[in-house]
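Written below as structure tokens is the structure these notes are about.
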Amino acid sequence: MTTAVQPYRVTPARVLRSEWHKLWTLRSTWVNLVATSALTLAMGIGISAAYDGTGEGGLDTVVFVLLGTQFATINLAVLGILATAGEYSTGQIRATMTAVPRRLPVLWSKAAVLAAVALPLCLGTNLLTFPLAQAFLTGTDQSAALGDPGVLRGLAGNAAALTLLAVTALGFGAVTRSIPLAIGAYIGLVMIVPEVLAMLPYAVVDDAVDHFPAQALQSLTAADTASPGTALLTLTLWAAASLTVAAATLRRRDV
């Protein structure tokens, strides 16, 4: 007696395909990704064209050229939050969890799809922005080539850091289930809390601030950083912690 084939059985590949399709069919995804690349490229070229060789105080060359990725830290985070909290706001999450009752494969698939989109986008944008910006920096203290020590590592490190920040934000969206709350929590973690803590006159606080996402992002971006591995581990742990809390929330709470 033959066993009937189950054509609609839930598999990891099918969940991934579903999440990939959902992400790319949203107009906000296209707008977000185009804006991320355009802003990074435009700001990198703009500040390089206007640079007169003074006033930057020895800022790392890769950090200088990629100042536009400050927009990417927000844009990609919003994309990650929309991938999770956005489904709760529309009510689509009920259909998603009905189709995948184990729930957690949905979270892992959303994170994997977001990373698969964000990493090549950021890396490609960085590799395009750097040489175009350098065309205006010849003869200045910010002049460098792709083959110089640490440059390619800084460009790739920046792309990896932005991807991990986006995944962290995705976890925030899954925990809060609210787009405004998740964006507020992300901005607080990345931009506000480290600045507040940095004002405290304690060495241990300064050490802790170095392990916040924004500081780790700058360390990974810099061509002359002393500890890229530590910064990458820091961001990986932030993303893992965010997804872990999101997974626990997803399993314990109704949709």
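May I ask you to verify whether LEU165 is part of a helix (DSSP H, G or I), open to solvent by less than 10 Å² (accessible area, probe 1.4 Å) and touching a Pro at 6+ places or on another chain (Cβ under 8 Å)?
Working: part of a helix (DSSP H, G or I): yes; open to solvent by less than 10 Å² (accessible area, probe 1.4 Å): yes; touching a Pro at 6+ places or on another chain (Cβ under 8 Å): yes.
Yes, satisfied.
Within the range 168-177, can you find the residues that are surrounded by fewer than 24 Cβ atoms within 10 Å (Cβ to Cβ) and in a helix (DSSP H, G or I)?
Restricting attention to the range 168-177, the residues satisfying the condition of being surrounded by fewer than 24 Cβ atoms within 10 Å (Cβ to Cβ) are 175-177.
Result: VAL175, THR176.
For the range 87-113, which residues satisfy the criterion of being surrounded by fewer than 21 Cβ atoms within 10 Å (Cβ to Cβ) and closer than 16 Å to SER178 by Cβ? First the steps, then the outcome.
Keep residues of the range 87-113 that are surrounded by fewer than 21 Cβ atoms within 10 Å (Cβ to Cβ), which gives 88-105, 108, 112.
Within the range 87-113, TYR88, SER89, THR90, GLY91, GLN92, ILE93 meet the criteria.
Looking at the structure I just gave you, is ALA116 of a type outside the set (S, T, N, Q) and buried (at least 18 other Cβ atoms within 10 Å of the Cβ)? Spell out how you get there, then give the answer.
On the way: of a type outside the set (S, T, N, Q): yes; buried (at least 18 other Cβ atoms within 10 Å of the Cβ): no.
In short, no.
Quick one: which of ALA246, ALA222 is at pLDDT 90 or above, out of contact with any Pro (no Cβ under 8 Å at 6 or more places or on another chain) and over 21 Å from VAL167 (Cβ atoms)? Give the derivation first.
Details: ALA246 fails: over 21 Å from VAL167 (Cβ atoms).
Among ALA246, ALA222, only ALA222 is at pLDDT 90 or above, out of contact with any Pro (no Cβ under 8 Å at 6 or more places or on another chain) and over 21 Å from VAL167 (Cβ atoms).
Could you look through the range 206-219, keep only residues that are part of a helix (DSSP H, G or I) and surrounded by fewer than 22 Cβ atoms within 10 Å (Cβ to Cβ), and pick out the one that is nearest to the chain's Cα centre (by Cα)? Show your work before the answer.
Here is the first cut: in the range 206-219, the residues part of a helix (DSSP H, G or I) are 206-209, 213-219.
So of that shortlist, the ones also surrounded by fewer than 22 Cβ atoms within 10 Å (Cβ to Cβ) come out as 206-209, 214-215, 218.
On the way: ASP206: 24, ASP207: 23, ALA208: 21, VAL209: 19, ALA214: 11, GLN215: 14, GLN218: 13 Å.
Applying the filter and picking the extreme gives ALA214.
Please go through (1) without any contact (Cβ under 8 Å) to a residue 12 or more places away in the chain; (2) over 30 Å from THR90 (Cβ atoms); (3) open to solvent by 40 Å² or more (accessible area, probe 1.4 Å); (4) not acidic (Asp, Glu) for ILE192 and return the number of the only condition it doesn't satisfy.
(2)
How many residues does the range 225-245 hold that are out of contact with any Leu (no Cβ under 6 Å at 6 or more places or on another chain) and under 16 Å from ALA185 (Cα atoms)?
Counting residues in the range 225-245 that are out of contact with any Leu (no Cβ under 6 Å at 6 or more places or on another chain) and under 16 Å from ALA185 (Cα atoms) gives 5.
Would you confirm, using the coordinates I've provided, whether ALA83 is open to solvent by 10 Å² or more (accessible area, probe 1.4 Å), of a type in the set (Gly, Ala, Ser), assigned to a helix (DSSP H, G or I) and without any contact (Cβ under 8 Å) to a residue 40 or more places away in the chain?
On the way: open to solvent by 10 Å² or more (accessible area, probe 1.4 Å): yes; of a type in the set (Gly, Ala, Ser): yes; assigned to a helix (DSSP H, G or I): yes; without any contact (Cβ under 8 Å) to a residue 40 or more places away in the chain: no.
Against the criterion (open to solvent by 10 Å² or more (accessible area, probe 1.4 Å), of a type in the set (Gly, Ala, Ser), assigned to a helix (DSSP H, G or I) and without any contact (Cβ under 8 Å) to a residue 40 or more places away in the chain), ALA83 does not qualify.
Counting only residues that are surrounded by 15 or more Cβ atoms within 10 Å (Cβ to Cβ), in a helix (DSSP H, G or I) and in contact (Cβ under 8 Å) with a residue 24 or more places away in the chain, how many does the range 220-255 have?
15
Please determine, by comparing only the residues of the range 119-162 that are small (Gly, Ala, Ser) and assigned to a helix (DSSP H, G or I), which one is surrounded by the fewest Cβ atoms within 10 Å (Cβ to Cβ). Explain how you work it out, then say what you get.
First, pick out the residues of the range 119-162 that are small (Gly, Ala, Ser): 124, 133, 135, 139, 143-145, 147, 150, 154, 156-157, 159-161.
Imposing the further condition that a residue be assigned to a helix (DSSP H, G or I) reduces the set to 124, 133, 154, 156-157, 159-161.
Details: GLY124: 12, ALA133: 26, GLY154: 28, ALA156: 18, GLY157: 25, ALA159: 25, ALA160: 23, ALA161: 28.
The extreme case among them is GLY124.
Go through (1) surrounded by fewer than 22 Cβ atoms within 10 Å (Cβ to Cβ); (2) within 18 Å of ALA111 (Cβ to Cβ) one by one and return the number of the condition PRO180 breaks.
For PRO180, the failing item is (2).
The values are calculated or read from the model by the stated rules, or taken from the named source; none is laboratory data. Because the structure is predicted, anything quoted here is derived from the model rather than measured. Backbone-built Cβ (ideal geometry, glycine too); neighbour counts: all protein chains shown. To get the accessible areas, we keep the full protein, side chains included, count just its heavy atoms, and leave off ligands, DNA and RNA. Shrake-Rupley method; radii C 1.70, N 1.55, O 1.52, S 1.80 Å.
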